[in-house]
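A.B. asks: Here's a structure for you.
The values are calculated or read from the model by the stated rules, or taken from the named source; none is laboratory data. Quick caveat, the model's predicted, so the values are computed rather than measured. So basically every Cβ, Gly included, is an ideal-geometry build from the backbone, and we count neighbours across all protein chains shown. To get the accessible areas, we keep the full protein, side chains included, count just its heavy atoms, and leave off ligands, DNA and RNA. Shrake-Rupley method; radii C 1.70, N 1.55, O 1.52, S 1.80 Å.
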Amino acid sequence: MDDYKKIIASIKNGDLRPIYFLHGEEAYYIDLIADYIADHILSEDEKSFNQSVLYGRDVEVEEVIASAKRYPLMAKHQVVILKEAQDLSRTIHYFEEYFKNPLSSTILVICYKYKKADGRKAYLKLAKKNGVVFESKPLYENQIPLFITEELRRRGYTIKPTASRLLAEFLGTHLGKINNELDKLEVILPKGAEVTPEVIEKNIGISKDYNNFELQNALGENDFKKAFRIIDYFAQNPKDNNILATLPMLYRYFSQLLKY
């Protein structure tokens, strides 16, 4: 997901746009951009008078527009962040008139989560013309280990490939959930440490020996004794080893094997 990095880089370089319309199924990148804007555009002294955070369930579009039309007080910009904008999906097109001529001193951030906005609508075309429109797409399963590796590198850690695959297999594609677990590791481990399967087993509770990844390997190597030990472990710990997670993994593995 390089697009979000470009947006962050442009903000760092002072290239600020009056509209940031952030939408899509993956909430993680939407929050990442919105939080960066909230933390870095204004100083702490400026925020008290010039930064507003509104929620779609509590406001109408007209109220957001009224806030956006205000001028900053003793600052170059004001920041208006609308969170959970999907709650205003029926009236979101009311932004069309404001998007035609947005106030240059206002940074309006709209967080429209868990769904893709209709790119054919006039309001979205205007937002793209006069601001930034970013679609946050979910990552594919095979992209998750790389995401984990890069995110830990950004935080100052390294991780073994087996450990990143173990985390990916256990946590799935929900980036917010993955980020929460990486936060735990960051609190526990010193900077520069390497994340290993043993570290994950000790601190996150994922068994390095009894997991879907190891079951797949055992089946692939015809190690049926090991496979049955893992299956028996799953049967004894059904809460942590849901069969609804195991079956799709096995189906995908054998499908890929047959294609190969």
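A.B. asks: Hey, can you tell me all the residues within region 121-155 that are of a type in the set (A, V, I, L, M), more than 25 Å from Asn217 (Cβ to Cβ), open to solvent by 40 Å² or more (accessible area, probe 1.4 Å) and not in a strand (DSSP E or B)? Outline the logic, then answer.
C.D. replies: Of the residues in region 121-155, the ones of a type in the set (A, V, I, L, M) are 122, 124, 126-127, 132-133, 139, 144, 146, 148, 152.
Remaining after also requiring more than 25 Å from Asn217 (Cβ to Cβ): 122, 124, 126-127, 132-133.
Adding the requirement that they be open to solvent by 40 Å² or more (accessible area, probe 1.4 Å) leaves 122, 133.
Answer for region 121-155, where residues must be of a type in the set (A, V, I, L, M), more than 25 Å from Asn217 (Cβ to Cβ), open to solvent by 40 Å² or more (accessible area, probe 1.4 Å) and not in a strand (DSSP E or B): just Ala122.
A.B. asks: For region 187-209, state whether one or more residues are modelled with pLDDT under 80, of a type outside the set (Lys, Arg) and more than 28 Å from the chain's Cα centre (by Cα).
C.D. replies: yes
A.B. asks: Looking at region 36-63, which of the residues that are among the β-branched types (Val, Ile, Thr) and in contact with a Ser or Thr (Cβ under 9 Å, 6 or more places away or on another chain) is farthest from Ile11 (Cα to Cα)?
C.D. replies: For region 36-63, the residue satisfying everything is Val59.
A.B. asks: If you scan region 165-186, which residues turn out to be more than 17 Å from the chain's Cα centre (by Cα) and more than 20 Å from Asp240 (Cβ to Cβ)?
C.D. replies: Residue satisfying the conditions is Glu186 alone.
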